[in-house]
Amino acid sequence: MRSTADTIRISGIEVFGHHGVHEAEKEHGQRFLVDVEVSLDLSRAGATDQLPDTVDYGHLATAVHRVVAGERWDLLERVADRVAEVVLAYPLVAGVDVTVHKPDAPIGVPFADVAVTIHRNR
């Protein structure tokens, strides 16, 4: 039986992107932070100490960065969903939690952070 209680977590991938419903957000862009928690079975990697038996988190972080920096969407929900699609393309990944933070969102009141979190399974 495959265990998916194991995780690889990358927090705070900082990306300059052009997402938002306002034209100024799309034109000028802003900072986003992305957290990814990947569910997978790490028992084989633990036993073999071999990179092919896990997900290379450096490669994963680069792929997430590329999606958020390179594509343009209105909603954080869509950004998170696209990140999840990319992560789920890795064969060993069983599920993923993605949080996209938009700390500089144009909200008319003081706030610390606004974020969307989604969970997707293979």
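Looking at segment 76-122, what % of the alpha carbon pairs are farther apart than 11 Å?
65 percent
Cut-off is 10 Å between beta-carbons; in what order do SER11, SER39 appear when sorted fewest neighbours first?
SER11, SER39
Can you sort LEU75, LEU33 by how many other beta carbons sit within 10 Å, fewest first?
Sorted ascending by nearby Cβ count, the order is LEU75, LEU33.
Between the helical axis of 57-70 and the dominant principal axis of the chain, each derived from Cα atoms, what acute angle in degrees is found, rounded to the nearest 10?
Its long axis makes an angle of about 30 degrees.
Students often get this wrong, so try it: which of (1) 12.6; (2) 9.4; (3) 7.8 is mean projected area of the Cα convex hull in nm² as calculated from the structure shown?
Given (1) 12.6; (2) 9.4; (3) 7.8, the structure-derived one carries the label (3).
Give me HIS119, HIS19 ranked fewest to most by other Cβ atoms within 10 Å of their Cβ, as a rough exposure proxy.
The fewest-first ordering by Cβ neighbours comes to HIS119, HIS19.
Where in segment 88-117 does the label zone of SER43 land, with the point 7 angstrom along Cα→C-beta and an amide N cut-off under 20 Å?
91-96
Give the angle, between 0 and 90 degrees and rounded to the nearest 10, that separates the Cα long axis of helix 76-88 from the longest principal axis of the Cα atoms of the chain.
20 degrees
None of the figures in this text is laboratory data; all of them are computed from the coordinates on show. Being a predicted model, the structure only gives us computed values, none of them experimental. Please note: Cβ atoms are built from the backbone with ideal geometry, for glycine as well, and neighbour counts cover all protein chains shown.
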